[in-house]
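Values in this text are rule-based calculations from the coordinates and carry no lab data. Keep in mind the model is a prediction, meaning the values are calculated, not measured. Here the Cβ positions follow ideal geometry from the backbone for every residue, glycine too, while neighbour counts run over all protein chains shown.
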């Protein structure tokens, strides 16, 4: 089922190369529109509040700020996006912390990059996807 209005996606990542890979990976998803990008924690929170994205792809390690802090800010928001953490910090501590703070998925950039596509494809084609975001 294709929505008339695509789901909004915000990428929070400080690596241009990773953002370009994500854009190329997600390009075929007609129900997803990349609405913006933030490369630091401050702008990430500001953009989440302003854009109210349905989905967020979040890196933990940012040049300025930290993805964990962004997740902490999201927990206090009324409209919480569906957060997918995509990080090189593939340690159980971070996985547990992110899940505790409401991240729905946690993927290792090196080994599970393509799983972001699978999750967004699955979530964006279900009629109830917006209700769980």
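I want to check the label-to-label distance for residue 27 and residue 110. Put each point 7 Å from Cα in the C-beta direction and report it in nm to one decimal.
2.7
For the chain, what is the mean residue ellipticity at 222 nm derived from helices alone (per DSSP H run of n ≥ 4: -39500 (n - 2.57); sum divided by total residues; nearest 500 deg cm²/dmol)?
Mean residue ellipticity at 222 nm (helix-derived): -12000 deg cm²/dmol.
Give me the angle, in degrees from 0 to 90, between the Cα long axis of helix 115-124 and the longest principal axis of the Cα atoms of the chain, rounded to the nearest 10.
In the chain, helix 115-124 runs at an angle near 40 degrees to the longest axis.
So for the chain: antiparallel DSSP bridges make up what percent, rounded to the nearest 5?
If I count the DSSP bridges inside the chain, around 5 percent turn out antiparallel.
Determine, for each peptide in 7-13, 39-45, the mean count of other beta carbons within 10 angstrom over its residues, then list the peptides with the highest first.
7-13, 39-45
What angle do you read, to the nearest 10 degrees and between 0 and 90, between the alpha-carbon axis of helix 41-51 and the longest principal axis of the chain?
Tilt of helix 41-51: around 20 degrees.
Among rounded, prolate and oblate, which fits the stretch 7-126 when a ≥ b ≥ c are the square roots of the eigenvalues of its C-alpha gyration tensor, a/c under 1.5 means rounded, and a/b larger than b/c means prolate?
It comes out rounded by the Cα gyration axes.
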